[in-house]
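Novice: Quick one: this structure, given as structure tokens, is what I'll be asking you about.
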Amino acid sequence: MLKRLVYILFLIGTTLLFAENSVPAPSPVRAVRAKSPVRIDGVLNEEVWKSEGVTGFRQSDPDDGAPATEKTVVWVAFDKGSLYVAARLYDNQPEGIISLLGRRDADVESDWFVLAVDPYHDRRSGFQFAVNPAGTIQDGTLFNDEGIDKTWDGIWEVAVRIDDQGWTAEIRIPFHQLHFQKKESTIWGVNFFRTIKRKNEKAVYSWIPKEESGYVSRFADLTGLSGLQPRRLVEVLPYTAGRAEFSPAVPGDPFRTGSDFAGNFGFDVKSALQSHLTLNLSVNPDFGQVEVDPAVINISDQETYYEEKRPFFVEGADIFRFGNGGANVQRNLGWSDPSFFYSRRIGRSPQGSVPFPGFTASPDWATILGAAKITSKMGDGWNLGVMTALTQREYALIDNGEDRFSHEVEPFSSYGVVRALKEMGGGFRGLGFIATSTWRDLRVDSLQGLIPKSAFCFGLDGWTFLDRGRTWVLTGWFGGTTVSGSQEAISHLQLSSLHYYQRPDVDYVDYDPNATTLNGWAGRFFVNKQKGPFVFNAALGAMSPGFHAVDLGYHTRGDVINGHVELGYQSFHPGRFFRNWKVTFAALRSYDFGGIRTDENYILNATAQLLNYWTGNLYLSYDPNRTSHYLTRGGPLAAYPWGASIQPSITSDNRRRLVFGLFGHYRDHPYGSYNYSFGASIRWKPSTNFNISIVPEYSWRHSVGQYIRQVSDPLKIETYGVRYVLSDVIQETASMEIRLNWIFTPRLSLQAYLQPFLGTGDFFNYKELRAALTFDFDSYGQGTSTINRDAGIYTVDPDGAGPSPAFSFSDPDFNLKSLRGTVILRWEYRPGSTIYAVWTQDRADHSHPGSFDFDRDLSLMLRAPGDNIFLIKINYRFTL
């Protein structure tokens with residue numbers, strides 16, 4: 001064993017010493033100053049396009065490194081205000097060009113031409129612009145050398161034409177949309193590539209072998225740029241919106257009369273304070289055009305995570321990313337990386353409740369009074385992001401039949417985040433920090449005893465490559481949190497599912513009912529092999545029991561020390577059966593801060609693409625017996641039995657009009673627990689401007705240890721004076737996600753999202769944990785214990801005629817039948833100015849709890865009363 005370890009270390013050391021980039025740098029691209037206006041029409045008849053352009057594209061797919069099968073010529077020009085790019089994309093079968101319309105930033109399976117620039121020439125970041133033969137566009141920002149964030153929507157102009165030689169693209173990008181240093185003469189980075197979809201060919205100017213890593217760092221030099229004058233513009237985007245809501249009237253309820261009408265207005269401002277400094281300001285933002293969140297059923301003790309979809313927070317979010325710089329692969333095996341900044345906390349649902357009887361009307365979310373964001377990419381490798389937001393105090397209205405009054409359910413709140421990152425040596429290493437703050441003006445006792453008054457987080461992160469060829473990288477982060485509030489609020493946090501300080505059998509945390517602060521820390525270090533056929537990554541991380549970043553972040557529970565190692569091999573080139581394939585094996589373990597093993601898993605993962613472009617994946621895992629803090633939700637440790645799972649999937653060739661996939665999952669435990677799921681993904685493209693995708697899924701789960709409640713009983717000494725009540729549960733879910741895209745022009749589109757959802761939970765065989773550190777139970781109704789159900793209430797006497805008191809709990813069975821959907825008509829009637837017409841529907845039914853009947857439940861879902869919201873929003877962009 002020792003000899004093997006020494007041999008492995010020798011190989012790694014040899015790689016570190018001698019790894020070098022073996023790919024020659026691409027030839028520079030020279031930009032030419034345009035002496036006459038360039039008309040963006042897709043006709044390349046301007047004088048500036050008659051010079052010699054760049055050629056020599058090489059394949060990345062399917063034959064890595066081979067010359068491209070079709071010729072491509074690209075020219076670059078500029079004038080005082082804009083950068084111009086023209087491309088002649090020859091094709092010997094122009095009738096075979098795949099030209100599909102899609103909404104902006106959609107991943108359309110078509111031919112493409114892509115331009116990427118690195119204006120700062122830092123070889124780490126930049127901008128990317130793409131267009132297909134139908135005029136569909138994509139754009140985004142580049143970060144961390146290989147990452148792309150498509151949330152950025154620039155204002156630029158493009159025209160395309162298809163002719164008997166292939167197709168052309170002509171692009172104009174105003175310099176004020178880009179960030180660069182003001183110099184008399186400057187060098188940028190640049191790259192071009194095209195996709196020929198019918199061949200599944202990707203041809204690149206600056207070719208990067210598949211065994212290598214990097215993207216922006218491999219760009220060609222763009223020379224010839226001189227006399228550029230960054231222009232400072234102020235973009236103003238005022239909006240007005242009208243909203244009509246129709247819902248079933250509730251007899252006697254003065255707040256639910258069947259209809260409600262409202263209007264709103266506000267504005268956004270975007271200003272280049274300096275050539276490298278951008279201010280985004282949003283006053284009274286409205287997000288009515290955002291797609292609804294999907295329905296979920298969560299019977300765990302952890303919060304559901306929802307993706308951010310609001311444009312102000314989505315755009316430019318990459319600058320606030322923390323802890324994952326340097327590495328091009330981030331593996332979280334048995335570990336969930338905390339998000340120090342989770343923007344959905346801003347404008348969240350009110351956290352308070354109404355303690356008074358009567359009819360109530362409570363806001364769905366806290367109104368954002370205003371938000372400001374400053375982003376900067378300064379010289380010498382500095383990146384800066386600052387965001388602040390204010391949300392107003394929210395009140396619920398209560399009508400008890402005699403009086404109408406209000407009750408505060410969400411305080412006035414202030415949020416702030418600062419992110420800075422210094423990249424050195426052309427991205428060879430980096431060091432940064434993030435700081436977040438939350439402050440609430442708590443005026444009422446009910447909120448003072450529920451939520452903290454203030455919360456602060458601070459973290460450091462960085463990376464360094466370990467060899468000249470950038471094959472190995474070490475990345476990591478470390479951060480701390482502190483939360484302050486009343487004794488009741490901090491007590492509430494200590495007892496919550498994120499911390500469970502009340503656990504009776506641990507000696508490294510103590511529940512303190514008099515505490516007014518909660519402090520914690522977390523950190524993780526990660527080693528990754530960036531390139532080559534051999535796969536290796538390993539990580540070690542820890543999160544203390546008191547780590548609490550959820551006031552402006554997101555994470556699951558702490559008290560974990562986790563590590564993993566993953567080894568594998570991948571082939572990038574076509575062989576006898578596969579175009580490419582990858583197999584990895586991983587092992588992970590997790591411990592609590594008392595040294596108790598709480599998780600262990602062994603994972604085999606295999607992925608392959610066949611020669612016909614079908615792709616398959618097989619995932620196998622086995623987790624041995626271990627212990628769990630969370631079966632009892634704040635109680636003593638319990639045993640948790642082994643489990644094994646298998647997840648196969650297969651997807652067809654995405655070039656076809658009909659693309660489909662199949663996926664499944666099966667997991668087995670001893671003691672009778674098991675679960676499975678299966679589903680399909682279907683995408684149909686009957687025409688160049690219409691597509692529909694359908695993802696039906698069914699899941700079935702039987703658990704023998706579902707938590708119900710706790711009951712104090714000093715006589716139950718085996719579990720420290722508390723009875724931990726659990727049950728069996730059978731949970732069934734049938735759902736479908738339907739997405740429709742009808743694209744009339746690249747600027748006019750209709751998008752629809754629909755999710756029918758059926759989910760039930762049938763709880764039975766109520767019982768209690770027999771003793772700590774076991775997975776043994778005593779079922780109620782056996783021996784001397786009794787259990788009875790009356791009017792939806794279970795009453796349990798755990799020892800019959802014995803001295804232990806009886807207790808009761810409500811029947812937890814449920815049946816959710818939900819239909820959620822959004823239809824959005826979007827028209828960009830001029831660059832940056834948009835009209836939205838939106839219809840949102842949400843209907844639900846909860847009858848027949850615990851019983852799953854597909855035909856009955858589907859019928860009830862379709863006949864359930866629902867809420868219908870109609871919105872029209874108009875904004876207009878102008879510059880100052």
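Novice: Given the rule -39500 (n - 2.57) for each run of at least 4 DSSP H residues, summed and divided by the residues of the chain, what is its mean residue ellipticity at 222 nm, to the nearest 500 deg cm²/dmol?
Specialist: After summing the helix terms and dividing by the residues of the chain, the value is -1500 deg cm²/dmol.
Novice: Per the 1.4 Å probe, what fraction of the accessible area of the chain, in percent, lies on carbon and sulfur atoms?
Specialist: Roughly 57 percent of what the probe reaches on the chain is carbon or sulfur.
Novice: Can you tell me the order of 550-556, 64-70, 581-587 when each peptide is scored by its average per-residue count of other Cβ atoms within 10 angstrom, highest first?
Specialist: Result, highest mean Cβ count within 10 Å first: 550-556, 581-587, 64-70.
Novice: Between Thr517, Leu237, Leu89, whose Cα lies farthest towards the positive end of the dipole of the chain when Lys and Arg beta carbons carry +1 and Asp and Glu beta carbons carry -1, centred on the Cα centre?
Specialist: Towards the positive end, the residue furthest out is Leu89.
Novice: Just order 814-823, 776-785 by mean Cβ neighbour count inside 10 Å, highest at the front, would you?
Specialist: Highest to lowest by the protection proxy: 814-823, 776-785.
Novice: If packing is taken as the average count of other Cβ atoms within 10 Å, what order do 213-225, 118-130, 707-719 fall into, highest mean first?
Specialist: Top to bottom by mean Cβ count within 10 Å: 118-130, 213-225, 707-719.
Novice: Under the 0.36 nm per residue contour assumption, what length would be gained going from the current alpha-carbon distance of Ser414 and Phe744 to full extension?
Specialist: Once the chain is fully extended between Ser414 and Phe744, it gains 114.6 nm.
Novice: Once R0 is set to 45 Å, what does the formula 1/(1 + (r/R0)^6) return for the Cβ-Cβ distance between Arg709 and Ala680, expressed as a FRET efficiency to the nearest 0.05?
Specialist: 0.70
Novice: Below 8 Å, C-alpha to C-alpha, sequence gap of six or more: please give me the relative contact order for the chain in percent.
Specialist: Computed over the chain, the figure is 9 percent.
Novice: While we're on this one: Taking R0 as 45 Å, what FRET efficiency do you get between Asp505 and Val234 from their Cβ-Cβ distance, rounded to the nearest 0.05?
Specialist: For R0 = 45 Å, the calculated efficiency reads 0.15.
Novice: Between Ser808 and Leu540, with labels modelled 7 Å along Cα→Cβ, what's the label distance in nm to one decimal, could you check?
Specialist: 5.5
Novice: Averaged per residue, what accessible surface does region 422-482 expose to a 1.4 Å probe, in Å²?
Specialist: 40
Novice: I've got another one for you. Through the Karplus equation 6.51 cos²θ - 1.76 cosθ + 1.60, θ set to phi - 60°, convert the phi angles of region 527-544 into ³J(HN,Hα) values in whole Hz; use x for Gly and Pro.
Specialist: So the Karplus estimates, Gly and Pro as x, are 10, 9, 8, 7, 8, x, x, 7, 9, 8, 8, 8, 8, 9, x, 8, 9, 6 Hz.
Novice: How much area per residue is accessible in region 671-782 when the probe is 1.4 Å and only protein heavy atoms are counted (Å²)?
Specialist: 43
Novice: A follow-up question, please. So for region 383-533, taking the charge dipole from beta-carbon charges (+1 Lys/Arg, -1 Asp/Glu), which of Phe412, Thr482, Leu450 sits furthest toward the positive end?
Specialist: Thr482
Novice: Something else: How much accessible area per residue does region 603-659 have, counting only protein heavy atoms and a probe of 1.4 Å, in square angstrom?
Specialist: Heavy-atom accessible area per residue stands at 44 Å².
Novice: In terms of Cα to Cα distance under 27 Å, which lysines are near enough to Lys873, apart from those fewer than 8 places away along the same chain?
Specialist: Qualifying lysines at Cα under 27 Å: Lys150, Lys270, Lys309, Lys373.
Novice: Still on this structure: Quote the relative contact order of region 424-559 in percent (integer), defining contacts as alpha-carbon pairs under 8 Å separated by 6+ residues.
Specialist: 23
Novice: For a Förster distance of 45 Å, can you work out the FRET efficiency between the beta-carbons of Gln330 and Arg404, rounded to the nearest 0.05?
Specialist: With R0 = 45 Å, the Cβ-Cβ based efficiency is 0.30.
Novice: With charges only on Cβ, +1 for K and R and -1 for D and E, what is the dipole size of the chain about its Cα centre, in debye, rounded to 20?
Specialist: 3080
Novice: Quick one: compute the contact order of region 208-289, relative version, from alpha carbon pairs under 8 angstrom and 6+ residues apart, as a percent.
Specialist: Relative contact order here is 25 percent.
Novice: Where a ≥ b ≥ c are the square roots of the eigenvalues of the C-alpha gyration tensor, would you call region 185-260 rounded, which needs a/c under 1.5, or, failing that, prolate if a/b is larger than b/c, or oblate?
Specialist: Since a/c reaches 1.5 but b/c is at least a/b, the shape of region 185-260 is classed as oblate.
Novice: Report the label-to-label distance for Ala25 and Ala837 in nanometres (one decimal), using points 7 Å from each Cα along the Cα→Cβ vector.
Specialist: Placing both labels 7 Å beyond Cα along the Cβ direction yields 5.5 nm.
Novice: Oh, and also: Enumerate the residues in region 488-503 having an amide nitrogen under 20 Å from the point lying 7 Å beyond the Cα of Asn298 toward its Cβ.
Specialist: 492-501
Novice: Something else: Dipole of region 294-402, Cα-centred, from +1 at each Lys and Arg C-beta and -1 at each Asp and Glu C-beta, to the nearest 20 debye?
Specialist: Using only the charged Cβ atoms, the result is roughly 380 debye.
Novice: Suppose the chain between Leu862 and Glu184 were pulled fully straight at 0.36 nm per residue; how much longer would it get relative to their current alpha carbon spacing?
Specialist: Full extension of this stretch gives 237.5 nm more.
Novice: Mind running the shape call on region 315-405? Use the C-alpha gyration tensor, a ≥ b ≥ c as the square roots of the eigenvalues: rounded below 1.5 for a/c, prolate if a/b tops b/c, oblate otherwise.
Specialist: In terms of gyration-tensor shape, oblate.
Novice: Also, quick follow-up: Which residues does a label at Phe690 reach in region 727-762, if reach means a backbone N under 11 Å from a point 7 Å past the Cα toward the Cβ?
Specialist: 741-743
Novice: Continuing with this model, one more query. Collect residues whose amide H, placed 1.01 Å from N in the peptide plane, falls under 5 Å from the amide H of Gly189; neighbours closer than 5 in sequence don't count.
Specialist: For Gly189, the qualifying residues are Asp118, His121, Leu222.
The values are calculated or read from the model by the stated rules, or taken from the named source; none is laboratory data. Bear in mind the structure is a predicted one, so any value in this text is a computation, not a measurement. Reconstructed Cβ throughout: ideal geometry from the backbone, glycine too, with neighbour counts over all protein chains shown. The area values use the complete protein model at the heavy-atom level, side chains included, leaving out ligands, DNA and RNA. Shrake-Rupley method; radii C 1.70, N 1.55, O 1.52, S 1.80 Å.
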